[in-house]
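Shown next, in structure tokens, is the structure this report addresses.
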């Protein structure tokens, strides 16, 4: 875990170093991740919980130390006394003043409690490790969310570029239609349709620009930076081309944060079971005290009552508390804790099976998207060439606007599939690394 926190410190350093580039209106994925690891609210909340666990652990040795308490008191009395004895004698006095001073220091030291104190100490250590695992799990989840959202912005930016390319084609259509009308070779419906298509693309561009701004605000919230922070993102979506399923499946139970969390909860519950079993044993304690008591009477009615009395001294001894019968409550708690362990073991196996399946399916999706992307990269070249040919044929007057519109639609659909394939490949890669636990080292 020390290595883990060194890496987190490195991310914080990256975040500080990235501020200059960030303010220069350029945000890279590395800077987005660094800012998220430093500022994200969910991560900050879990850091607070982890600090609480660490604070408890720092006092773990207190379970082995004696408990020392001191009490003291000073009482002044002003009493009226009246006494009547069996022989008929009567004594009566008013305004009898006295003072009582008392003090005591007690020490109680548990020597043996069925090793419960040792289990409690180890349990606090496990809770610290649980807090660190919770932080890492949240970091992985937050980083995955930031990566997906960042490249969704890139995706929509590419989509905007495709729309603007379509607008350029429609603008050329409008110009050609106007030229043909000016020389008496065109028809006005062709010009009107061209303008309608162009306006539709302009509306699509406005909608796309709004979507990009909304996604950027969402990214700002994830990074916990000021809303309305303006920046540009990358133009491309890179991904790893050579992920291997065998490497991902190999040892994922030692890296997946969810499985590690369940394992840690099993360890903690086993220590709770030790604490419950320890309650069957006697508790041996060493007890000691120093007591001081002083009474000062200014006057007494009873002649056998001392005017001044003081009692002080030191005492010590061994105390043994032996559990005999408590309504079988200890037995019930032991059985309940054992059931909790059994439940967690089953949950672990179920979780492991689901993650195994998730990795397998995510890898299949990753391979599918890679193959789809290769096809769409080829298709986009064909669609672009087809539009170029159709546009040139229209200039030469050997084609119609209908043919060009069909090729435009084909190009638009090719762009949609291509951009979606790029983004989906990145999503599949991120999900694989998230399940493996390798999204952050």
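The values are calculated or read from the model by the stated rules, or taken from the named source; none is laboratory data. Note that the structure is predicted; figures quoted are calculated from it, not measured. Counting neighbours? That spans all protein chains shown, and the Cβs are built from the backbone with ideal geometry, glycine included.
If you check residue 209 against the conditions, is it loosely packed, with under 15 Cβ neighbours inside 10 Å, in contact (Cβ under 8 Å) with a residue 24 or more places away in the chain and assigned to a helix (DSSP H, G or I)?
yes
Restricting attention to the stretch 227-254, which residues are assigned to a helix (DSSP H, G or I) and either surrounded by 15 or more Cβ atoms within 10 Å (Cβ to Cβ) or over 25 Å from the mean Cα position of the chain (by Cα) (or both)?
Within the stretch 227-254, 245, 246, 247, 248, 249, 252, 253 qualify.
Matching residues to (1) surrounded by 14 or more Cβ atoms within 10 Å (Cβ to Cβ); (2) touching a helix residue (DSSP H, G or I) at 6+ places or on another chain (Cβ under 9 Å); (3) closer than 30 Å to residue 111 by Cα:
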position: 289; (1), (2), (3): yes, no, yes
position: 294; (1), (2), (3): yes, no, no
position: 320; (1), (2), (3): no, no, yes
position: 332; (1), (2), (3): no, no, yes
position: 336; (1), (2), (3): no, yes, yes
position: 353; (1), (2), (3): no, no, no
position: 357; (1), (2), (3): no, no, no
position: 366; (1), (2), (3): yes, yes, no
position: 370; (1), (2), (3): yes, yes, no
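Quick one: how many residues across the stretch 88-118 are part of a loop (DSSP other than H, G, I, E, B) and within 28 Å of residue 293 (Cβ to Cβ)?
The number of residues fulfilling the criteria is 0.
Which residue, of 143, 154, is crowded, with 20+ Cβ neighbours inside 10 Å, in contact (Cβ under 8 Å) with a residue 40 or more places away in the chain and within 20 Å of residue 421 (Cα to Cα)? Quick ask: steps written out before the conclusion?
Numbers: 143 fails: within 20 Å of residue 421 (Cα to Cα).
Exactly one residue qualifies, and that residue is 154.
Search the stretch 373-420 for residues being more than 24 Å from residue 158 (Cα to Cα) and touching a residue at least 40 places away in the same chain (Cβ under 8 Å), and hand back the single one that is surrounded by the fewest Cβ atoms within 10 Å (Cβ to Cβ).
397
Name the helices (runs of 4 or more DSSP H) wholly within the stretch 19-85 that hold at least 1 residues that are surrounded by 11 or more Cβ atoms within 10 Å (Cβ to Cβ), free of Cβ contacts under 8 Å to residues at least 12 places away in the same chain and in contact with a strand residue (DSSP E or B) (Cβ under 8 Å, 6 or more places away or on another chain)?
Once the helices (runs of 4 or more DSSP H) in the stretch 19-85 are filtered for at least 1 residues that are surrounded by 11 or more Cβ atoms within 10 Å (Cβ to Cβ), free of Cβ contacts under 8 Å to residues at least 12 places away in the same chain and in contact with a strand residue (DSSP E or B) (Cβ under 8 Å, 6 or more places away or on another chain), nothing remains.
Just one of (1) surrounded by fewer than 21 Cβ atoms within 10 Å (Cβ to Cβ); (2) modelled with pLDDT of 90 or more trips up residue 429, so point out which.
Status for residue 429: all satisfied but (1).
For residue 251, work out the one condition from (1) within 30 Å of residue 370 (Cβ to Cβ); (2) touching a residue at least 24 places away in the same chain (Cβ under 8 Å) it doesn't fulfil.
Exception for residue 251: condition (2).
Do the conditions hold for residue 15, that is, is it modelled with pLDDT under 80, farther than 16 Å from residue 150 by Cα and surrounded by 19 or more Cβ atoms within 10 Å (Cβ to Cβ)? Spell out the reasoning first.
Details: modelled with pLDDT under 80: yes; farther than 16 Å from residue 150 by Cα: yes; surrounded by 19 or more Cβ atoms within 10 Å (Cβ to Cβ): yes.
Judged against the criteria, residue 15 is a match.
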